[in-house]
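So the structure is just underneath, and the comments pick up after that.
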Amino acid sequence: MELKDYLRILRVHWLMIVAITVLVVAAAAAFTALQTPMYTSSAKLYIASSGGDDSTSSLYQGSLYSEQKVLSYQDFATGLEQAQLVIDDLGLDMKPEDLVKEVSASVVTDTTNLVLTVTDPNPQQAKNLAQAYAETMQDRIREYETQDGQRTASIKAEIVESAVVPDAPSSPQPVRNIGLGLVLGLLLGAGLAVLRDVLDTTVKSQADLEALDLPILGAVPFDKSVKRTQIVTDLPAHAPRTEAFRVLRTNLQFIDVDAEKRVFVVTSAVPAEGKTSTAVNLALTLAQAEQKVLLIEGDLRRPKASGPLGMDNATGVTTALVGKVGWKDAVQTHRSGLDVLASGTIPPNPAELLQSQAMATLISEVREAYDVVIIDAPPLLPVADAALLSTQVDGAIIVARFGTTTRDQLTGAVNRMRTVGAHISGSVLNMTPGTSRRFGYGYGYGYGYGYGYAPDAQPPKRKKDD
């Protein structure tokens, strides 16, 4: 992946990244708020050799001896015996095992200074414990380093910094915790966004279609009003969805420009990708351009093209194929001027009917009678109907749904068409985001109609004074 790919992912999934960051920061804030404030107090002991003369060699040997001893006393300071001495000294009601958990000892680098640190929920108690540790360690060192028969210890310990009452808790640290939560949230959100994009196999870009050598005829933006108004003739003339189908119509006119009569099958890889609405609205848009257009409801399993147009599908393709009525008598005309041949009664053997000689004859006759014929066919992967129809027409238009159709599904549909020798005229990406710039996908010409370009409202005419 290149830098531009990561920037695209950030633009597309920025809302998810922000949401995850807010959750992590909120969790860090909650964790900080639930923690018991802890106070830290420290005392420092200086440990040095007290014997020998003032010669350089004696001083050097004494320094080395002190450095060795201070490491031993660092270990003693955090032991149970030392904790018991402090408990007895302060008269505390607690176990040594509990006290040692609050204590730490460290040696300042390149010195013989021993720092005793105590952390406790009570600031006064923290100070008392740290001071008691320093004093008892001082007495203990004097006792250990005074040999029998001697009055002076070979190692002396002096308290050079007494413990003080801390004025602020050492933990929790709200600024640090929330800052870490912010950084962690951003990293986690960005990582999940990249992972989601890598694992996402749905069709979302022009490159996904071009990888299968599919000519791109256009894209239809997502419109919340589709459930209420599925056909473009009921939408405003300059609605983004209407403009999208005009672009699709224009691009379709450049396919096989030498042919005066053309027949296209509109299909998809799987159901619910919008192939029926695309077929219906493409036919309506072609009819608006004063072309003689016929829409055939070629899905004989789940016919849905006639419904949005308010047509009766009791008579149509199947009744014409079995000879009960001529196809011209079964054609209905929509108020827009579009002719519609509905599906007719759903047959038990749709595949056999679609590859019959009667169907071939029907396609041949409607080709001569109309400028453009659009056939709404079933999806390619569940059934073979669309592939059978595609071998008898001039080309097929494959509809893919943005963010739903997977690349594997689209590949399977294309392979099925090419296996039977069908010609694929192009592809349409359905339900795309309203604005390609907003979503960061480079679709190219014809992708994204979120801006709109409706005429300006005309100001009301002023009345002349009488």
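The values are calculated or read from the model by the stated rules, or taken from the named source; none is laboratory data. In this text, all values refer to a predicted model and were calculated from it rather than measured experimentally. Glycine gets a Cβ as well: all are built from the backbone with ideal geometry, and neighbour counts include every protein chain shown.
At a glance:
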| item | result |
| --- | --- |
| Residue list for the stretch 11-59, restricted to those being at pLDDT 95 or above and in contact with a Phe, Trp or Tyr (Cβ under 7 Å, 6 or more places away or on another chain) | A43 |
| In the stretch 261-276, residue surrounded by the most Cβ atoms within 10 Å (Cβ to Cβ) [restricted to those that are of a type in the set (A, V, I, L, M, F, W, C) and over 25 Å from the mean Cα position of the chain (by Cα)] | V265 |
| In the stretch 168-198, the residues that are part of a loop (DSSP other than H, G, I, E, B) and touching a strand residue (DSSP E or B) at 6+ places or on another chain (Cβ under 9 Å) | A168, P169, S170, P172 |
| The stretch 5-17: number of residues that are under 11 Å from the mean Cα position of the chain (by Cα) and part of a helix (DSSP H, G or I) | 8 |
| Within the stretch 400-417, tally of residues that are under 14 Å from V265 (Cα atoms) and surrounded by fewer than 24 Cβ atoms within 10 Å (Cβ to Cβ) | 2 |
| Residue in the stretch 299-313 that is modelled with pLDDT of 90 or more, among the aliphatic types (A, V, I, L, M) and either closer than 15 Å to I346 by Cβ or not assigned by TED's automatic domain parsing to the domain that holds R241 (or both) present | yes |
| Selection from the stretch 192-227 of residues that are within 30 Å of A239 (Cα to Cα) and of a type in the set (G, A, S) | S205, A207, G218, A219, S225 |
| Test result for D213, closer than 11 Å to S427 by Cα and either in a loop (DSSP other than H, G, I, E, B) or touching a residue at least 60 places away in the same chain (Cβ under 8 Å) (or both) | yes |
| Qualifying residue in the stretch 93-112 (condition: loosely packed, with under 12 Cβ neighbours inside 10 Å and of a type in the set (V, I, T)) | yes |
| Selected residue (criterion: nearest to A163 (Cα to Cα)) from residues of the stretch 86-116 that are within 54 Å of the chain's Cα centre (by Cα) and part of a loop (DSSP other than H, G, I, E, B) | V108 |
| Test for P121: is it under 18 Å from S171 (Cβ atoms) and surrounded by fewer than 20 Cβ atoms within 10 Å (Cβ to Cβ) | yes |
| Meets criteria (closer than 18 Å to D197 by Cα, at pLDDT below 95 and surrounded by fewer than 17 Cβ atoms within 10 Å (Cβ to Cβ)) for L3 | yes |
| Counted residues, the stretch 385-394 - those being in contact (Cβ under 8 Å) with a residue 40 or more places away in the chain and either crowded, with 20+ Cβ neighbours inside 10 Å or over 20 Å from V263 (Cα atoms) (or both) | 5 |
| When residues of the stretch 332-384 are limited to those that are touching a residue at least 40 places away in the same chain (Cβ under 8 Å) and hydroxyl-bearing (S, T, Y), the one surrounded by the fewest Cβ atoms within 10 Å (Cβ to Cβ) | S336 |
| Residue satisfying all of: in the stretch 121-164; out of contact with any strand residue (DSSP E or B) (no Cβ under 7 Å at 6 or more places or on another chain) and of a type in the set (V, I, T); farthest from Y65 (Cα to Cα) among these | T136 |
| Considering residues of the stretch 133-168 that are among the aliphatic types (A, V, I, L, M) and more than 27 Å from Q35 (Cα to Cα) only, the residue surrounded by the fewest Cβ atoms within 10 Å (Cβ to Cβ) | V160 |
| Positions within the stretch 387-400 being among the hydrophobic types (A, V, I, L, M, F, W, C) and under 16 Å from V428 (Cα atoms), in sequence order | A396, I397, I398, V399, A400 |
| Top-ranked residue of the stretch 224-252 - restricted to ones that are part of a loop (DSSP other than H, G, I, E, B) and touching a Leu at 6+ places or on another chain (Cβ under 8 Å), ranked as modelled with the lowest pLDDT | T229 |
| Check on A83, in contact with a Pro (Cβ under 8 Å, 6 or more places away or on another chain), at negative phi and assigned to a helix (DSSP H, G or I) | yes |
| Filter pass, V280 being surrounded by 23 or more Cβ atoms within 10 Å (Cβ to Cβ) and in contact with a His (Cβ under 7 Å, 6 or more places away or on another chain) | no |
